[in-house]
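Contents: one structure, followed by commentary.
The values are calculated or read from the model by the stated rules, or taken from the named source; none is laboratory data. The model shown is predicted, which means the values in this text are computed figures rather than measured ones. Cβ placement follows ideal geometry from the backbone for every residue including glycine, while neighbour counts extend to all protein chains displayed. Note: accessible area is taken over every heavy atom of the protein model, side chains too, but ligands, DNA and RNA are not part of it. Shrake-Rupley method; radii C 1.70, N 1.55, O 1.52, S 1.80 Å.
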Amino acid sequence: MEFCIHFDICSLFVIALVLVSFYIKRKAGAFKSRVFEFLIWTGGLATVADILTILVGEAEGMLTAKWLLNMCYYLLHSATLFLIVSYFVVMAEPIVKMSLKRKCELALPIIWLSVLIAFNPMLKLLFYFDENGVYHRGKYIWVGYAVAAYYLVFLLVFILRHAEFFERSTRIVVYVATFLCVIPSALQLYNPRMLVECFGASLYIAMISMLYQANDASVDNSTGLLSRQAFESDCKAYTSTGVNFSVLIVKLRDAKFLSEMFGQQFSLKVNAAFANYISKYVRRGNAFSLGNGAFALCFVNESAEPKFVMDSIGERMKEQWGFEEIRTMLSASMCLVSFPQHAPELGSFIDLIDEVVSNNDDKSNVIYVDSIEVTDRRRRMAIDRTLRSDNAFRSLEVVYQPIYSKKTNRFSNAEALLRLRDPILGYVMPDEFIPIAEKNGTMCRIGEFVIENVCKLLAGGKTEEAGIELIGINLSVMQCMQTDLVSQIAAIVQKYDVRPTSICFEITEKVGENPPEIVINNLRELNSLGFKFAIDDFGTGTASMQRLMLLPIGFIKIDKSFVEDALVSKKTRILLQNSIDIAKSIRLEVIAEGIETEEMARQVNDLFSVDLCQGFYYSQHCKGLELPFMVKSLNNQSKSAEI
């Protein structure tokens with residue numbers, strides 16, 4: 001009987017590629033990756049055994065070798081299907097807890113088949129060799145196919161039963177791959193000379209490698225634990241299926257000190273040793289490195305175990321640690337965060353974890369979640385939800401504050417200010433919600449909303465009639481980094497037929513400290529279209545005038561805190577006046593912000609040669625439609641002349 005081994009050779013090539021890819025990526029941190037590694041080797045050895053059975057089978061004699069090779073093939077090929085099912089079962093753990101009955105249903109068929117294969121030389125039920133050493137199928141060969149069919153059905157039922165864990169795309173791929181695996185088995189059952197079973201199994205293994213292992217986060221090289229990406233992926237899986245779980249955050253408080261004192265290499269050794277110590281308290285794949293000396297241990301459906309681990313780590317930290325010739329004490333802080341007790345959704349849960357990791361104020365060994373500004377955290381979560389909602393723009397309000405010009409003794413400019421108005425939170429100021437918007441990715445959308453609001457106001461022409469020459473708009477760092485910023489702004493201005501020269505974009509001093517090339521190019525291109533620029537909050541950063549000159553600025557807005565300090569400190573006053581003199585020498589206009597009282601206005605007027613003043617002493621803010629009338633009224637009053 002001639003056999004076709006071409007598909008086996010192809011199978012061997014596929015397995016070799018998967019194996020090389022696996023070891024290059026070294027994704028062996030999680031238990032499921034260990035199962036996958038075993039699966040690759042089992043599938044590869046089954047293919048090799050299948051090829052050898054044909055090569056040896058064609059030789060005369062060697063009956064013992066023929067029996068052993070065929071037994072190995074049957075055992076390894078059956079084990080391959082068992083491991084494919086086991087991989088998906090392990091993937092769902094510990095979310096899906098298998099009962100003892102289910103575990104028996106999974107293990108008993110392969111055990112029973114293995115026993116049958118072991119006794120086959122005596123029973124000759126699956127296969128046998130005649131007196132000439134020629135291979136023949138036994139009359140119970142169908143048992144092996146029945147076990148294979150059982151495992152494929154087991155997998156399909158398992159996927160269907162736990163559909164809430166496996167995404168729809170995952171389920172479809174498994175169904176299709178299972179169907180494709182059945183076809184080769186059916187072909188070989190019908191035509192024994194067509195050796196395609198191993199090829200079907202190798203395609204299934206390749207599918208797992210491409211779709212699941214490829215998306216697995218790599219191991220953190222410095223500690224050997226899984227990375228933060230893997231941590232977030234597991235948290236997403238737990239929260240999406242409604243599983244209760246806890247995360248123990250352990251932070252080495254000495255990480256930065258050790259790095260500064262003994263060097264980064266020594267610090268990495270300490271982190272690796274500490275990671276190795278704490279990882280023994282959880283199942284492989286449930287320990288993660290979050291970076292900067294912070295680690296996470298996951299406990300699923302547990303109650304007492306985290307407390308035991310915290311006590312054990314606490315006791316160990318009372319002892320010395322030895323690293324080569326150095327023996328030292330280490331200190332660590334721990335915080336147990338539970339889902340959904342402390343945070344009801346994935347986003348807020350990850351945010352809380354980040355807050356625990358970044359919290360350096362609490363020096364106690366055990367940190368309680370309730371002590372980490374729970375009220376503020378809930379408020380931030382509420383603001384985050386509002387900004388992400390479809391009705392976010394209904395909660396945003398643009399107001400305008402006129403700016404007084406000392407040169408012309410009238411109000412010639414204004415600044416657009418953004419407010420968040422929420423029925424529960426009330427009015428939320430920009431310094432509170434802007435950082436949240438920058439973090440959750442809504443800042444660019446909000447910035448575009450403000451620009452459009454200002455252009456609508458300018459389009460009416462009433463602001464120009466009232467004497468308003470320029471309206472300032474704050475431009476965030478994220479907006480400045482957009483590749484399509486210029487085209488986006490140009491499109492809005494063109495839509496409302498607004499002159500670019502009537503808009504001044506305000507960027508913070510921090511943007512000018514070390515601006516990336518894309519920021520410089522964006523601002524210069526906008527300036528070439530006629531837009532003006534101002535450095536906002538000057539005095540709060542560390543940018544030098546030389547760096548600021550890289551940007552096409554025409555105004556400098558002195559921050560309120562800088563002005564207040566200058567009024568009480570002689571050194572700050574000299575520094576501020578020198579900054580103003582430098583700005584004026586390069587033809588920049590200077591705006592003093594935060595002028596709240598008459599006394600403050602008088603002092604600024606006497607001490608500093610600023611060009612414009614802004615603050616509640618000069619004018620309150622107002623809505624857009626009210627701005628032209630307010631400016632007209634202010635300019636008609638004699639108050640400005642008395643200042």
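The table that follows gives values for the structure above.
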quantity	calculated
Antiparallel DSSP beta bridges within the chain, as percent of all bridges there, nearest 5	65 percent
Options PRO423, PHE288, VAL196, ranked by Cα towards positive dipole end of the chain, top entry (Cβ charges)	VAL196
23 Å Cα-Cα reach of LYS571 towards lysines, excluding residues that sit fewer than 8 places from it in its own chain	LYS510, LYS557, LYS560, LYS584
Most positive-pole-ward Cα, SER338, SER585, ALA490, against dipole of the chain from beta carbon charges	SER338
Student exercise, the chain dipole from Lys, Arg, Asp, Glu Cβ charges, in Debye to nearest 20	920 debye
Helix-derived mean residue ellipticity, 222 nm - over the chain, DSSP H n ≥ 4, -39500 (n - 2.57), to 500	-17000 deg cm²/dmol
Qualifying lysines (Cα of each under 16 Å from Cα of LYS462; at least 8 residues distant if same chain)	LYS623, LYS632
Net charge dipole size for segment 1-149 [Lys, Arg +1 and Asp, Glu -1 on Cβ; Debye, nearest 20]	940 debye
For the chain, with +1 on Lys and Arg beta carbons and -1 on Asp and Glu, the positive-most of CYS455, TYR175, MET207 along the dipole	TYR175
Carbon and sulfur %, accessible surface of the chain computed with the full protein complex present, 1.4 Å	57 percent
Point-charge dipole on Cβ atoms (K/R +1, D/E -1) for segment 458-579, about Cα centre, debye to 20	300 debye
For ASP422, residues with placed amide H under 5 Å, excluding near neighbours	TYR427, VAL428
